[in-house]
Each structure stands twice: as structure tokens, then as C-alpha cells.
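Following: one structure in C-alpha cells, then a few remarks.
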Amino acid sequence: MADYASYTLILFALGAYLVLDGYDLGIGILGLFDRSDQRRKEYTELVATAWDANESWIILAGVTLWAALPGVYATVLPGVYLPLVVMLLAFVLRGLGLEMQSSAPDYRPGWGRLFGVSSLVVTLCQGLVVGTVLSGLPQHGGVFDGSALRWLTPYSVLCALGVTALYLLAGAAWLQAKTRGDARRRAARLGRPLLAVTVVAALVLGLGLEVADPQHFRFDQPLRAVLFGLAVTVAAVCGVVSWYGFGRTPDARPFVAVVCAQVAGLLALVTATAPVVVPPGLSVHAAASPFGSQVFLLIGVGCCMPVVLAYNVYAWWVFRGKYRPPTPTALALPAEPERPAENVADTGTDPTGADVAPDGVVGTVVRRIGSTVLGLGVGAVAQDVFGGHGEWIAPLALILFAAVALTAWLVGDRRAAAAGEFDLDQAAQR
């Protein structure tokens, strides 16, 4: 029973991540196609309220999977190593873009595009991973036995597109519930087309799973068939409710319906596949760790999950209701008198008092250190993923990266020299 209890914790963490971070990612992608900087700024402020707690659930799911079902971890990770690494890098860039955008007084297109593109990359990678696991991984003796590009299949690509549609639908539903004015009207207008695309994607993926999944679904078992039919029915009803709710009050109804549909869809998938975790035949019991490890994990993770859940509930309670843009302060501070023009060169400040000392050297050092670390990472990933399939692939990856880094280095130096960042006499005068 301990192994199935751990499996339940993993499903709970994955379901919480699907519900909580799905709309975050969908909002980030929707921002890429919005032309209003004001609405884009509202999107990032909404996501910034609780995005870090939302992503904590995927960490809990990964830790629990690693400790409770090491057989699944050992089989899945080598098969989807590349999209997982790309997803983790995109997570970092997504957090960077979001925090920099949120701290800026107005909308910054560069950080906004970084946030949106990173959200899209994370979503696509998650869809590829889910599609690869559902369609089965070749394994021999509990060890992955396939190529490095096994994750790139027609079903995994369709699954990536389906997950993107689902996240966009959740994002539109959340925006209707949390925004006013043009942002709310735009979200309500996008809701029904996205719902239609999501339903089509769900039907295609559900029917295609029978072909892509090498295991045989046991719907001849009465209990399994009844539970699966019930979950599908609940998801269909929730879809109808969300269709009716887009563009109508109460504004939170579409989001609640979409969340219920997501949970019902996950339960339907588990009902159809359990106890097999990785097709064609890796079950929960076969992949589980020893009983002592299971008990230790259940105590540790069981104590952590209520804390993370309490943080989510607290964040939702604090930021409940519609988003209200910040209003300017009624009492403005008196403006400082402008400095004479002749004092600017003497003090090294601009007329507003801001420091204009060049920081190009620091930026150049940071960029070059980052390029070196990134080069080492590219070499390590290339050697780990492709090293067993060709001795020439890892050296070629390093050569290509070195050529690109050298070109960027030279171009950066030319731009810095043209901007006067390397003029030491001018810097000393300042």
C-alpha cells in the first residue's frame, strides 16, 4: 500500500501543478499575441503574485517520483533528457523575465518577450514529455533502451500542441476572472475558440492514445469502465459550463469549470492506464523503492505538501478579487531644481542627478563568464545525450558554440568600443 500512497502523492502534486501553473503559462503565451502594453503589464502583475509557489508543485512531484518510484525515474529521464533540460533552462529565463518586468515601472518589451517565449518553450517541452511517456518508452530490464530522439514522435508533438491549447484556455479563463475592461473582454472573446481547439485536441489525443500506447487498456473491468466514463462525463459537463460562462457573469465560472475539467481529465487518464506508469509494462509495484524508503518519503513529503498548499491559499486570499492597477500618489514630492549645465561634467551626473559612470566593463565580464558557463553546459549535455551515438557529435557541438561565442565576443567589443566604454581617459575624467 505504501507504493500506491506515494503514487497518489505524485498524482496530487502533478494535478496541483497542472491547475496552478497551467494558467500562468497560458497567460505568458497570450501576452505574446497582445498588442497593448498596458494589458501585457497587467498579465505579468497577475502572474507575479504566486508563480513561485505554483512551480513548487512540480519540484515536489519530481522529488517524490525520484524517491518513491526510482524505476520510473530511471526509465523516463534518459528518454526525455533533452526536452527536460530545455524546460529547466526556460524555467530560469521565465522567472528572470517575469521578475524584471514586474519590478519595472512600465512595460519593457524585451523582458516581456522573454517571459512569453520562455512560457511557450516550457509548455511545449512539457507536452513532449507527457506524450513520450504516454506512448511508451523502450526498456530492457528496467533500463531505457532507445535513441536520444525517442521523445520526438507524432503523438508527442500532438500532445505538445494539445497542452499548449489547454494552458491557453486556462489563461483566458483566469484573465476573465481577474481583469476588467479591455483585458476582460479580450479574454472572454478568446475563451470559446480556445475551448473548441482544446476539445478537438483532447479527442484526437484520446483516440490516438489507443494506437500510440503499446499497452492494452482493460476497459472490460466494470469498475474501471464506470470510473472512466464518469470522469469523461464530468469533463464534458465542465466544458459546457465554461463555454456558457465565457463573456458572462460571474467571471470566475469559466476558470472553475476549466479547473474541474482538468482534474477530471487527469483522473480519466489515470483510470485508463493504472497501475502501469510507463508503458508497455512498468507498473507502480515494479518501479517502487523499498518499504522503508516509502514510509520515510510519505512522512517528509506529507509534511511539506500542506505547507505549500497553505502558501497557495494565502496568496490567493491576499490577491483575491479583480486586479487593480496602481494609482499615482496624490501628494507628489517637489521637483529638485535642475543643475547648471557646466556642473554636469564636473560631478559625473546627468541633469536629473543620475550617475552616468560607464559600467560596460562589468557587463562585458558578466557576458563572457555566462558564455563560458553556457559553453561548458552545452558540451556536457551534448556528451551525455549524444555521446553514445557518435564520437563526433560532442566535439562538433563545442566547435559550433565556440564559433558563435567568438563572433558574439568580437561584435560586442566593436559595439563597446564605438560607445566609448573602453575609453579609460574619459572614464577617469568622469
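Tell me yes or no: at least one residue of the range 209-216 is part of a loop (DSSP other than H, G, I, E, B), open to solvent by 20 Å² or more (accessible area, probe 1.4 Å) and within 23 Å of residue 24 (Cα to Cα). Break it down into steps so the answer makes sense when it comes.
Our first condition is that a residue be part of a loop (DSSP other than H, G, I, E, B); within the range 209-216, this holds for 213-216.
Narrowing the set further to residues that are open to solvent by 20 Å² or more (accessible area, probe 1.4 Å) leaves 214-216.
Now drop any that are not within 23 Å of residue 24 (Cα to Cα), which leaves none.
Looking through the range 209-216, none of the residues is part of a loop (DSSP other than H, G, I, E, B), open to solvent by 20 Å² or more (accessible area, probe 1.4 Å) and within 23 Å of residue 24 (Cα to Cα).
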On the given criteria, is residue 2 small (Gly, Ala, Ser) and surrounded by fewer than 20 Cβ atoms within 10 Å (Cβ to Cβ)?
yes
Check whether at least one residue in the range 36-54 is in contact with a Leu (Cβ under 6 Å, 6 or more places away or on another chain) and open to solvent by 50 Å² or more (accessible area, probe 1.4 Å), and report yes or no.
no
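Across the range 104-132, which residue is farthest from residue 17 (Cα to Cα) among those that are among the aliphatic types (A, V, I, L, M) and open to solvent by less than 30 Å² (accessible area, probe 1.4 Å)?
Here is the first cut: in the range 104-132, the residues among the aliphatic types (A, V, I, L, M) are 104, 114, 117, 120-122, 124, 128-130.
In the following step, the residues that additionally are open to solvent by less than 30 Å² (accessible area, probe 1.4 Å) were identified as 104, 122, 128-129.
Numbers: 104: 28, 122: 13, 128: 17, 129: 15 Å.
Of everything passing the filter in the range 104-132, 104 is farthest from residue 17 (Cα to Cα).
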Give me the residue from the range 293-307 that is of a type in the set (Val, Ile, Thr) and exposed (fewer than 15 other Cβ atoms within 10 Å of the Cβ) and, out of that set, farthest from residue 225 (Cα to Cα).
307
Can you run down the residue pairs with Cβ atoms below 7 Å, 6 or more apart or on separate chains, where the first is in the range 218-232 and at negative phi and the partner is small (Gly, Ala, Ser) and outside any loop (DSSP other than H, G, I, E, B)?
219/225; 228/268; 228/272; 231/264; 231/268; 232/268
Those residues that are surrounded by fewer than 16 Cβ atoms within 10 Å (Cβ to Cβ), touching a residue at least 40 places away in the same chain (Cβ under 8 Å) and either in a helix (DSSP H, G or I) or under 25 Å from the mean Cα position of the chain (by Cα) (or both), I need them from the range 275-292; list them, please.
285, 291
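Just wondering, is there one or more residues in the range 147-157 that are in a loop (DSSP other than H, G, I, E, B), over 22 Å from residue 240 (Cβ atoms), in contact with an Asp or Glu (Cβ under 9 Å, 6 or more places away or on another chain) and open to solvent by 40 Å² or more (accessible area, probe 1.4 Å)? Before the answer, list the steps.
So the first thing to find is which residues in the range 147-157 are in a loop (DSSP other than H, G, I, E, B), and the list is 147-153.
When the remaining residues are screened for being over 22 Å from residue 240 (Cβ atoms), the result is 147-153.
Adding the requirement that they be in contact with an Asp or Glu (Cβ under 9 Å, 6 or more places away or on another chain) leaves none.
There is no residue in the range 147-157 that is in a loop (DSSP other than H, G, I, E, B), over 22 Å from residue 240 (Cβ atoms), in contact with an Asp or Glu (Cβ under 9 Å, 6 or more places away or on another chain) and open to solvent by 40 Å² or more (accessible area, probe 1.4 Å).
Quick test for you: out of 310, 236, 264, 272, pick the one residue that is of a type in the set (Gly, Ala, Ser), open to solvent by 50 Å² or more (accessible area, probe 1.4 Å) and either closer than 25 Å to residue 49 by Cβ or in contact with a helix residue (DSSP H, G or I) (Cβ under 7 Å, 6 or more places away or on another chain) (or both).
Values: 236 fails: either closer than 25 Å to residue 49 by Cβ or in contact with a helix residue (DSSP H, G or I) (Cβ under 7 Å, 6 or more places away or on another chain) (or both); 264 fails: open to solvent by 50 Å² or more (accessible area, probe 1.4 Å); 272 fails: open to solvent by 50 Å² or more (accessible area, probe 1.4 Å).
On inspection, the qualifying residue turns out to be 310.
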Taking residue 202 and the conditions (1) in a helix (DSSP H, G or I); (2) loosely packed, with under 15 Cβ neighbours inside 10 Å, which numbered condition does it fall short on, given that it satisfies the others?
(2)
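The values are calculated or read from the model by the stated rules, or taken from the named source; none is laboratory data. Predicted, not measured: the structure shown is a model, and the values here were computed from it. All Cβ positions, even for glycine, are placed from backbone atoms using ideal geometry, and neighbour counts span all protein chains on display. Areas reflect the complete protein model, heavy atoms only, side chains present, ligands, DNA and RNA absent. Shrake-Rupley method; radii C 1.70, N 1.55, O 1.52, S 1.80 Å.
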